[in-house]
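J.: Below is a structure I'd like to ask you about.
The values are calculated or read from the model by the stated rules, or taken from the named source; none is laboratory data. Since this is a predicted model, take the numbers as computed values, not measurements. No Cβ is skipped: glycine too gets one built from the backbone with ideal geometry, and neighbour counts run over all protein chains shown. These accessible areas exclude ligands, DNA and RNA; they are computed on the full protein's heavy atoms, side chains included. Shrake-Rupley method; radii C 1.70, N 1.55, O 1.52, S 1.80 Å.
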Amino acid sequence: MKASSVRVVITGAGVMTPLGDSTAELWTQLSSGASAARDWPDLAAEGYRCVRACRIETLSAPPLRRGAALTLAAAEQAVAQAGLTPAPGTGVYIGSTLGESVAFEQAAMGADVDVSTHLVPSFAHAVQRRFKLSGPHQAIATACTAGNYAIGAALAALRHGRVGMAIAGGVEPFSRLAMVGFSRARAMTTDICRPFDARRSGMLLGEGAALFVLERARDALRRGARPLAEVVALGLSCDAHHPAAPQPEGIGMRAAMQAALEAASLRPHQIDWVNAHGNGTRASDAAEARALHALFGASLPSVSGSKGALGHALGATSGIELAICLEGLRAQTVPPTVGHEQADTEFGVHCTQKPLRRPLRWVMNNAFAFGGLNSALLLRAWEG
């Protein structure tokens, strides 16, 4: 059997987000139009120019192990929903941007911290220890595309028989380093994040984790599991236009989406919903909008984005948005896009403003990152 013909499904999903500690709670909050964005007194006291962010208030963990705690909370949810005990050879694939950011912050202030134990691989190691796993693991530090990359790595490993099961996703604890960097780059808003809106003025920082159990479909069905959705293809590209700015016409973004379609043998008109990257900055949203119009033309499907509600969780964001895609396929509903009210007349991507119930079979989850790293993950509603 060709590797590309091996069907891979998600059988468990777990999240930790500013709008909920489960996929069901996240979906309920997002569908209601809620936003986690608020001003934080500690950031104001520390002198930050931008003090608004989306942070998780329900997690109690040592600062140096906050990311690991987020990782394990999400992983345990996913494993419980999948209804299994992971086999020792299960693969672990986790993406993040910075790892335990607090370790670097404390080290910069002179604290005696061994930062080597707090890098991105520490999240995968935490999962391996928790479930007593000895299979392969991979830490993926591709910034804001890391969650999609991790799912793609798990997909490839399962299709090629390198593992029999995988735990994969993205994690990012709140980072003051990122707050400083984005603020100095003038990418942060002091208002609200408005994806694809004519009045958008920048992004807000978030945090969170989203982990998933992936299996070959035949194995999942053999043990009586109920797949949540099928992972079909990951399209990647790198336009390498600029260290931070996107290529203005969205050429690399379009290439990633096109690569995903070609890998799945699909035409653009077959996609029912695009969960857009939509980070609320002038340049990134403009480039993504142009890429969407160039690829889909008159067949542009429903478009939504979650960063107005959840902020930008960096390496965790595409994983969290994958969980949203799963819930949307289950409910056959595209969620509203918090912060989007008026499409930019220059390129006009009209995002959902309220829950849109419609038949959904194919969804594309976009994630783009600094350095021209572009990704598009394709999911299909489970059809046994």
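J.: Return the calculated 222 nm mean residue ellipticity for the chain, to the nearest 500 deg cm²/dmol, obtained by summing -39500 (n - 2.57) across DSSP H runs with n ≥ 4 and dividing by the residue count.
T.: Values: 12 runs with 126 residues, N = 384.
It comes out at -10000 deg cm²/dmol, rounded to the nearest 500.
J.: OK, next. What residues from the stretch 5-25 fall in the zone where the backbone N is under 16 Å from a label point 7 Å along the Cα-to-C-beta line of residue 222?
T.: Under 16 Å, as judged by backbone N against the label point of residue 222, lie 6-9 of the stretch 5-25.
J.: Next question. How big is the convex hull of the Cα atoms of the stretch 130-255, per residue, in Å³? Walk me through the intermediate numbers first.
T.: Values: hull volume 21.0 nm³, N = 126.
Spread over its residues, the Cα hull of the stretch 130-255 gives 167 Å³ apiece.
J.: Continuing with the same structure: Quick check on the stretch 192-316: what are the equivalent-ellipsoid semi-axes from the Cα gyration tensor, as sqrt(5λ), descending, whole Å? Before the final figure, lay out the partial values.
T.: On the way: eigenvalues 157, 77, 39 Å².
Equivalent ellipsoid of the stretch 192-316: 28, 20, 14 Å, largest first.
J.: Go through 227-237, 170-180 and give me the packing order, highest mean Cβ count within 10 Å leading. Please list the in-between numbers first.
T.: Working: 227-237: 21.5, 170-180: 25.3.
Per-residue mean Cβ counts within 10 Å order the peptides as 170-180, 227-237.
J.: Which value, in Å², gives the accessible area per residue of the stretch 121-257 when a 1.4 Å probe is used on the protein heavy atoms?
T.: Values: 5120 Å² over 137 residues.
Accessible surface, normalised per residue, equals 37 Å².
J.: Shifting gears a bit: State the answer as a single residue: which of 238, 205, 342 lies farthest towards the positive end of the charge dipole of the chain, with beta carbon charges of +1 for Lys and Arg and -1 for Asp and Glu, about the Cα centre.
T.: 238
J.: Between residue 42 and residue 270, what length in nm is gained on full extension when 0.36 nm per residue of separation is reduced by their alpha carbon distance?
T.: Numbers: separation 228, 0.36 × 228 = 82.08 nm, distance 4.72 nm.
Gain on extension, residue 42 to residue 270, equals 77.4 nm.
J.: Please work out the FRET efficiency for the pair residue 354 and residue 134, using the Cβ-Cβ distance as r and a Förster radius of 56 Å; give the result to the nearest 0.05.
T.: 0.70
J.: Taking every pair of alpha-carbon atoms in the stretch 147-204, give the share separated by more than 14 Å as a whole percent.
T.: Details: 1126 of 1653 pairs.
Roughly 68 percent, once rounded to a whole number.
J.: Need the C-alpha centroid separation for the stretch 289-344 versus the stretch 134-152, integer Å.
T.: The distance from the Cα centre of the stretch 289-344 to that of the stretch 134-152 comes to 21 Å.
J.: For the stretch 36-97, give the percent of accessible area contributed by carbon and sulfur heavy atoms, probe 1.4 Å, rounded to a whole number.
T.: Working: 1480 of 2630 Å².
Here carbon and sulfur together make up 56 percent of the probe-accessible area.
J.: Once the Cβ-Cβ distance between residue 177 and residue 361 is put in as r, and R0 is 41 Å, what FRET efficiency do you end up with, to the nearest 0.05? List each step's numbers first, then the result.
T.: Values: r = 41 Å, r/R0 = 0.99.
Plugging the Cβ-Cβ distance into 1/(1 + (r/R0)^6) gives 0.50.
J.: Per residue, how much space in cubic angstrom lies within the convex hull of the C-alpha atoms of the stretch 1-136?
T.: 167 Å³
J.: Continuing with this model, one more query. Ranked from highest to lowest mean number of other Cβ atoms within 10 Å per residue, what is the order of the peptides 250-260, 33-43, 74-84?
T.: For the peptides 250-260, 33-43, 74-84, the packing ranking is 250-260, 74-84, 33-43.
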